[in-house]
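Notes to accompany the following structure.
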Amino acid sequence: MIRFVIGLFIFAVALCAYIINAQHGGILPQRDAAVTAPDPIVEAPASEDDIAATEETAAQIINAIVARDLGYPTASIPVGAAVRDTLAVLGLEVPDVQTAVPDKRFATLIGESLRAGVPDTEITQTVADRARAGDLAIPVGLVTSDGEIDLATFLRAVVTTAVLVTEGTEPVVPDLSNDPAAIISVDGYDYVITATDSLAAIAVKFYGDVTQTSRLIQANPMALARPEQMVAGTTISVPAF
């Protein structure tokens with residue numbers, strides 16, 4: 001009797017399992033053999049015309065920067081050396097600065113103008129006129145991103161250096177905490193060049209010293225390889241002291 005009841009119980013369980021399996025298509029889902037993986041998407045290679053168009057656009061941008069006609073000659077004269085030579089015309093010797101350069105016409109013109117008491121605006125106009133006439137080469141560090149001559153920064157540097165030589169005061173470094181173009185980075189600042197910036201002006205902005213242009217060039221060998229061709233909107237690194 002007991003064997004009969006156990007057999008009946010096993011039969012009932014097997015029957016229930018069969019019914020459930022039949023209604024739900026099996027306990028385990030079956031892989032549909034008709035379903036296949038989608039074909040991989042293969043992008044068509046760029047055509048020669050597309051590549052040529054890209055290269056042409058890049059070449060146009062580069063050529064526009066490199067071949068920009070400033071309308072006046074430039075010279076790789078360190079701004080600090082030009083400041084030193086200007087002060088030498090005024091009878092002030094500045095020790096421990098960059099070596100002398102053969103072309104001193106720029107420094108001589110400004111030094112003689114300052115000694116004669118010529119106003120800054122008149123000096124600026126004379127320098128611009130002489131440069132555009134081809135009689136004067138402008139230190140590349142004084143060329144702004146929009147191609148102007150940043151003589152105001154140079155004249156401030158002459159005054160600052162003269163005070164430093166005669167009175168021994170240190171250059172004043174401006175507060176950049178509210179300057180939206182100067183962003184503090186790990187090693188100093190990241191700075192976005194503006195249209196009116198010259199390399200000398202950036203050196204004064206961050207270091208209070210126009211002779212620090214070489215530090216900026218060393219930190220940005222690509223962006224500042226040709227300071228007279230700086231591009232507004234370019235971000236450069238300004239290392240901390």
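Observations, loosely collected:
- Listed by first and then second residue, the pairs linking a residue in the range 223-234 that is among the charged types (D, E, K, R) to a residue that is surrounded by 20 or more Cβ atoms within 10 Å (Cβ to Cβ), with Cβ atoms under 7 Å apart and 6 or more places separating them unless they lie on different chains, are Glu228/Val140; Glu228/Val143.
Yes or no, residue by residue, for (1) part of a loop (DSSP other than H, G, I, E, B); (2) touching a strand residue (DSSP E or B) at 6+ places or on another chain (Cβ under 9 Å):
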| residue | (1), (2) |
| --- | --- |
| Ser145 | yes, no |
| Ala157 | no, no |
| Ala225 | yes, no |
| Glu228 | no, yes |
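- Meets criteria (over 27 Å from Val159 (Cα atoms) and hydroxyl-bearing (Ser, Thr, Tyr)) for Thr235: yes
- Qualifying positions in the range 165-213 - at pLDDT 90 or above and on the phi > 0 side of the Ramachandran plot: none
- Gln218 being under 25 Å from the mean Cα position of the chain (by Cα), surrounded by 13 or more Cβ atoms within 10 Å (Cβ to Cβ) and not β-branched (Val, Ile, Thr): no
- Residue in the range 152-164 that is surrounded by 21 or more Cβ atoms within 10 Å (Cβ to Cβ) and hydroxyl-bearing (Ser, Thr, Tyr) present: yes
- Of all residues in the range 78-121 being surrounded by 12 or more Cβ atoms within 10 Å (Cβ to Cβ) and among the acidic types (Asp, Glu), the one that is modelled with the lowest pLDDT: Asp103
- Some residue of the range 174-188 being surrounded by 15 or more Cβ atoms within 10 Å (Cβ to Cβ) and over 15 Å from the mean Cα position of the chain (by Cα): yes
The values are calculated or read from the model by the stated rules, or taken from the named source; none is laboratory data. Since the model is a prediction, treat every value here as computed from it, not as a measurement. Cβ: placed from backbone, ideal geometry, glycine included. Neighbour counts: every protein chain shown.
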